[in-house]
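Some notes on the structure that comes next.
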Amino acid sequence: MDLATAVEAGARGLLLGVGALTPGHVLMLAIGCLLLFLGIRKGFEPLLLVPIGFGAILVNIPLAGLMEPGGVLRTFYDAGVLTEIFPILIFIGIGAMTDFGPLLENPRILLLGAAGQFGIFLTLLLALLLKFSLVEAVAIGIIGACDGPTAIYVASKYAPHLLGAVSVAAYSYMSLVPLIQPPIMRALTTESEKRVVMGSVQRSAAPTAKLVFPIATTIVTSIIAPLGTPLMGMVMLGNLLKEAGAVERLRLASQNEIANIVTLLLGISIGATMGADRFLRVETLMVLALGFIAIGLDTATGVLFGKLMCALPVWPRLRGSATTRRTTSSCTPWAPTPGGRSARSWPRPSCSRS
């Protein structure tokens, strides 16, 4: 082989990737860059959107084979997502960062959180009408929970082919909640309801109650819904580590090192499902639209139930607080996103008005 032939062969090799590049790859590379921009510059759930965006870029590099059998992204995906290990480990961290004290102080506020989830079921029915299968409809509806790890867990278990779209929708809309919810809340509340002032509960939950709560909750919920045991059990294990006070190293590891490492690997694995051939479909746009509807419906049903509780005299301690709790009632209440966000501290209810 002479020098000219060798140079020509080398040039062809350098251009193989360019020749294999399709418009779909280019579009997905742009989407990956957009996710990076939203995470880095706009602060939209950066702990997940940054690795998801970079994973989307990696998987759409032609001929790289990262999601082929034996590829590094395929290895991460098979070991952590298909087995559900990554989402489960995330739930341990969530439990370790969650304070259930407000719920124990006033258990009736659980009704507000439950009412805010009706949008999940309404969206599930809508997805079925749009010819999605039952398991796909379940994965889409759970976007309305406003809880990224739950959406990832359900999608990876029941509809892994929708994992990328569901995850991107869940975390994007979670970041946009301050924009999505206020117009709905303003439209559904009266001026007098907007002037409700929230006070505080005068008692606090006993340390023993906080310690017994995760154990009792695990046993009761697991017996009632055995298939939910992995999710609920790991959340409550993390919470037990927090409340026990005797395993500080495990609590800190769950909140920090474990949560951070798993978040990184989970995000890259989700991005790896966003290949052009799987993501650029009409059903992806439908998933994004239905996810938006789910969060909107959750907000509306949470507000409406808050109005009902505010109006009923049987809940005097919740009157004057139910409607103004509409933001937290419309989404999963205590679950922080992975990576160390502190547990949400809920204001305690009272009945006073300004």
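Conditions: (1) outside any helix (DSSP H, G or I); (2) modelled with pLDDT of 90 or more. Leu122 meets all but one. Number of the miss?
(1)
Out of all the residues in segment 83-101, which are farther than 17 Å from Gly148 by Cα and either under 21 Å from the mean Cα position of the chain (by Cα) or not in a helix (DSSP H, G or I) (or both)?
Thr83, Asp99, Phe100
Only one of these is of a type in the set (Gly, Ala, Ser), closer than 30 Å to Thr208 by Cα and buried (at least 24 other Cβ atoms within 10 Å of the Cβ): Gly119, Gly113, Gly93. Name it.
Gly93
Tell me which residues, restricted to segment 229-267, are over 21 Å from Val212 (Cα atoms), of a type in the set (A, V, I, L, M) and in contact (Cβ under 8 Å) with a residue 24 or more places away in the chain. Let's see the steps before the verdict.
Keep residues of segment 229-267 that are over 21 Å from Val212 (Cα atoms), which gives 253, 256-267.
Those left that are additionally of a type in the set (A, V, I, L, M): 253, 258-259, 261-262, 264-266.
Scanning segment 229-267 gives Ile258, Ala259, Val262, Leu264, Leu265, Leu266.
Six or more apart or on different chains, Cβ atoms under 6 Å: show the pairs whose first residue is in segment 35-53 and over 17 Å from Leu266 (Cα atoms) and touching a residue at least 12 places away in the same chain (Cβ under 8 Å) and whose second is in a loop (DSSP other than H, G, I, E, B) and open to solvent by 50 Å² or more (accessible area, probe 1.4 Å).
That search, which allows pairs on different chains as well, returns Leu38/Phe44.
Which residue is most open to solvent (accessible area, probe 1.4 Å), if the candidates are limited to segment 125-150 and must be under 16 Å from the mean Cα position of the chain (by Cα) and modelled with pLDDT of 90 or more?
Here the answer is Val138.
Under the condition of being within 30 Å of Pro46 (Cβ to Cβ) and surrounded by 12 or more Cβ atoms within 10 Å (Cβ to Cβ), which residue from segment 176-201 is modelled with the lowest pLDDT?
Ranking the candidates gives Leu176 first.
If Cys331 passes every condition in (1) at pLDDT 85 or above; (2) under 16 Å from the mean Cα position of the chain (by Cα) but one, which one does it miss?
(1)
Can you report the number of residues in segment 202-249 which are out of contact with any helix residue (DSSP H, G or I) (no Cβ under 7 Å at 6 or more places or on another chain), surrounded by 14 or more Cβ atoms within 10 Å (Cβ to Cβ) and modelled with pLDDT under 90?
Qualifying residue count for the region: 0.
Given the criterion under 30 Å from Phe44 (Cα atoms) and either small (Gly, Ala, Ser) or in a loop (DSSP other than H, G, I, E, B) (or both), identify the matching residue among Met274, Met236.
It is Met274.
Can you name the residue in segment 53-65 that is hydrophobic (A, V, I, L, M, F, W, C) and open to solvent by less than 60 Å² (accessible area, probe 1.4 Å) and, of all such residues, is nearest to the chain's Cα centre (by Cα)? Break it down into steps so the answer makes sense when it comes.
At the first step, the residues of segment 53-65 found to be hydrophobic (A, V, I, L, M, F, W, C) are 54, 56-59, 61, 63-64.
Those still in the list that are open to solvent by less than 60 Å² (accessible area, probe 1.4 Å) too: 56-59, 64.
Values: Ala56: 18, Ile57: 22, Leu58: 23, Val59: 22, Ala64: 30 Å.
Per the criteria, the residue is Ala56.
Please find, within segment 250-280, the residue that is surrounded by the fewest Cβ atoms within 10 Å (Cβ to Cβ) out of those that are of a type in the set (D, E, K, R) and either at pLDDT 90 or above or closer than 18 Å to Met97 by Cβ (or both).
We begin by selecting, within segment 250-280, every residue of a type in the set (D, E, K, R); these are 251, 257, 277-278.
Those still in the list that are either at pLDDT 90 or above or closer than 18 Å to Met97 by Cβ (or both) too: 251, 257.
Working: Arg251: 22, Glu257: 11.
Once the filter is applied, the top-ranked residue is Glu257.
When you scan segment 98-106, do you find a residue that is among the aliphatic types (A, V, I, L, M), open to solvent by 30 Å² or more (accessible area, probe 1.4 Å) and modelled with pLDDT under 95, even just one?
Among the residues of segment 98-106, at least one is among the aliphatic types (A, V, I, L, M), open to solvent by 30 Å² or more (accessible area, probe 1.4 Å) and modelled with pLDDT under 95, which makes the answer yes.
Pairs needed: first member in segment 14-26, over 20 Å from Leu280 (Cβ atoms); second member anywhere, open to solvent by 70 Å² or more (accessible area, probe 1.4 Å); C-beta distance under 7 Å; at least 6 residues apart or different chains.
Hits for this filter: Leu16/Leu63.
Every residue in segment 66-87 that is open to solvent by 30 Å² or more (accessible area, probe 1.4 Å) and either free of Cβ contacts under 8 Å to residues at least 12 places away in the same chain or under 30 Å from Leu211 (Cα atoms) (or both), please.
Listed by number, the residues that qualify are Glu68, Pro69, Gly70, Val72, Thr75, Asp78, Ala79, Thr83, Glu84, Ile85.
The values are calculated or read from the model by the stated rules, or taken from the named source; none is laboratory data. Here the structure is a predicted model, which is why all the values come from computation and not from measurement. Note that each Cβ is placed from the backbone with ideal geometry, even for glycine, and that neighbours are counted across all protein chains shown. The area values use the complete protein model at the heavy-atom level, side chains included, leaving out ligands, DNA and RNA. Shrake-Rupley method; radii C 1.70, N 1.55, O 1.52, S 1.80 Å.
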